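The values are calculated or read from the model by the stated rules, or taken from the named source; none is laboratory data. Quick caveat: nothing in here was measured; it's all calculated off a predicted structure. When we count neighbours, we look across all protein chains shown, and the Cβ atoms used for this are built from the backbone with ideal geometry, even at glycine.
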Amino acid sequence: MRWQNGWLLALAAGMMMFVSWPEGGFPFLIFAAWWPLFRLSDLYLERKGIFWRLYLAFFLFNLLTTYWIWYATRAGAVMALLANSLLMNLTFWLWHKARKRLPLAMQTVLFPALWMSFEKLHYVWDLEWPWLTMGNVFASTPWAVQWYAYTGVFGGSLWVLAGSLWFYRLTQKRNHRTGWVKWGVFMLLPVLLSLVMYFRYAEKGTEARVLILQPNIDPWTEKFDRPNSQSLADLESMVPAHRKFDLIVAPETALARSMDLDRLGRNRVVQSLKRKADSSGAAWLVGVSLYRIWHGAADSVPETANWSKRRFWYQIYNSALFVAPQQQPALYHKAILVPGAEKMPYRKWFRPLLGDWIIDLGGMSGTHTPSPEPVVFGYDSLRVAPIICYESVFGDYVRRYVLRGANLLAVISNDGWWKKTSGYRQHFDYARLRAIEARRDVVRSANTGRSGLIDQRGRVVESLAYDRRGVIDATAHLNTGLTFYVRYGDYLARLAVFLAGLLLAYAFLGRKRFT
């Protein structure tokens, strides 16, 4: 029988998970995609051989869904695919081992709790990679998950994991009509509730006129070789004449040539931008690259400093520069850094072995220095959250901007490293979930695309396609209310970690064994 073949089950699981993911087109297939893995667990409950079959399933899922990392870094792609597949494998394998020592009810609770604990780890440790959090699977169908305003993406993870295990258990029973009815209610009720919320929701807040720029400069061949004066002139040429805007948003590292942080106020490009803001009455949010040469004592060098071959210490920053009329320029330095590209994970351990190895993606290479906290930029009625690229995947971090008063989420990104693949489309869709969680409009400026305006329901109001130069003249709403999720964050994940710890302790420290 084909459903007794462990390798076929693994292949089926990996393929179904891939097809479920955003841009795969069938998100609700995720509830069946776990079925082969649960079947594997049953088949190998009392015999060896499940480990590598599980690994094949998760490796296939990671490969087909995030293959595009290869275009940015081949070494990083190989490490990310192998490592994340292994972590997923170990998480499911641990549940497989623990279920032998737990009664059925505890097994059922442990599975979503343990998997959500693994997902939460990917938001908080130094090897962050929450891209494949199960709740992200509905990023392209926001009409189905409006309740993320109460639960965040972990509510989606719980729905997927619990619903998938329940579905599998029902398929192993006969004449269980009542169970199927209950499962159907469990599946349909959140969607129906979401549809009611989706169609009844009205945009909240006063209006602001925002111009979103998409300059479409190839990061591999041109972007980091142009002087900042030329880049700024190019951005200014995109602004329509004789139109009034409250905010103009340009992409991550739009001014890509590194500028001295300590002399930023005297930089001619920044001064030119300041004059432009003062004369036009519009605030500018622009991605910039910065550096700082360390002139202090050798024994007090910051942890994030890099050693130059020219024999000096320096710090580098991937930053957002906010220039508003009649105000001093303000900065925010990207806080959630991409492992391997913007920071060396667990640097104090690996630095003696690998040195300061960082993938060079243009500009100055090395570990970046982050801001310790989110920074909200203010001008007139605007309270703008400057979210730089990868940070837009982190719902719990974005909510901290809102708690600090942000009434508009501005994502600046450069997705051109991945070329025209599913990577940039997934990244855009994840911003739609941030809009729902915080009930904030999102203005997104990506260098090569996809840029756009996303409303508070996660609906794409207007966007620019990939590899196209253009602007979006958007009317955004400035909501000031706080959602349940913004107030309480990833409470479901915290509960999951607590339950997983208790149940694992009971399973492996207790003496009972259940089959």
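From the list A476, A446, A493, A507, pick out the single residue that is touching a helix residue (DSSP H, G or I) at 6+ places or on another chain (Cβ under 9 Å), under 30 Å from D218 (Cβ atoms) and of a type outside the set (D, E, K, R). Give the steps one after another, and end with the answer.
Values: A476 fails: touching a helix residue (DSSP H, G or I) at 6+ places or on another chain (Cβ under 9 Å); A493 fails: under 30 Å from D218 (Cβ atoms); A507 fails: under 30 Å from D218 (Cβ atoms).
Going through A476, A446, A493, A507 in turn, just one is touching a helix residue (DSSP H, G or I) at 6+ places or on another chain (Cβ under 9 Å), under 30 Å from D218 (Cβ atoms) and of a type outside the set (D, E, K, R): A446.
Among the residues of region 253-279, how many are of a type in the set (K, R) and surrounded by 12 or more Cβ atoms within 10 Å (Cβ to Cβ)?
Of the residues in region 253-279, 3 are of a type in the set (K, R) and surrounded by 12 or more Cβ atoms within 10 Å (Cβ to Cβ).
Does P386 satisfy the criteria of being modelled with pLDDT under 95 and more than 26 Å from Y71 (Cα to Cα)?
no
For the condition in contact with a helix residue (DSSP H, G or I) (Cβ under 7 Å, 6 or more places away or on another chain) and of a type in the set (K, R), what is the one hit in R404, R440?
Result of the check over R404, R440: R440.
Output the residues belonging to region 31-82 that are free of Cβ contacts under 8 Å to residues at least 12 places away in the same chain and either buried (at least 20 other Cβ atoms within 10 Å of the Cβ) or over 23 Å from K100 (Cα atoms) (or both).
W70, R74, A77, V78
Out of all the residues in region 167-182, which are surrounded by fewer than 18 Cβ atoms within 10 Å (Cβ to Cβ) and either in the same structural domain as L255 (by TED's automatic domain parsing) or not aliphatic (A, V, I, L, M) (or both)?
Selection gives R169, T171, Q172, K173, R174, N175, H176, R177, T178, G179, W180, K182.
Out of V301, V270, which single residue is of a type in the set (A, V, I, L, M) and touching a Leu at 6+ places or on another chain (Cβ under 9 Å)?
V270
Restricting attention to strands (runs of 3 or more DSSP E) lying wholly within region 369-458, give those where 3 or more residues are under 26 Å from L127 (Cβ atoms).
382-388, 408-413
Can you pull out the residues in region 212-232 that are hydrophobic (A, V, I, L, M, F, W, C), in contact with a helix residue (DSSP H, G or I) (Cβ under 9 Å, 6 or more places away or on another chain) and outside any strand (DSSP E or B)?
Matches in region 212-232: I217, W220, L232.
Please go through region 466-476 and pick out each residue that is buried (at least 19 other Cβ atoms within 10 Å of the Cβ) and either in contact with a Lys or Arg (Cβ under 7 Å, 6 or more places away or on another chain) or at positive phi (or both).
Y466
Consider P302 against the criteria (1) surrounded by 18 or more Cβ atoms within 10 Å (Cβ to Cβ); (2) within 18 Å of E373 (Cα to Cα): it satisfies all of them except one. Which criterion is unmet?
So P302 meets the others, but not (1).
For region 184-211, give me the residue count where each residue is in contact with a Lys or Arg (Cβ under 7 Å, 6 or more places away or on another chain) and either assigned to a helix (DSSP H, G or I) or surrounded by 18 or more Cβ atoms within 10 Å (Cβ to Cβ) (or both).
Number satisfying all stated conditions: 1.
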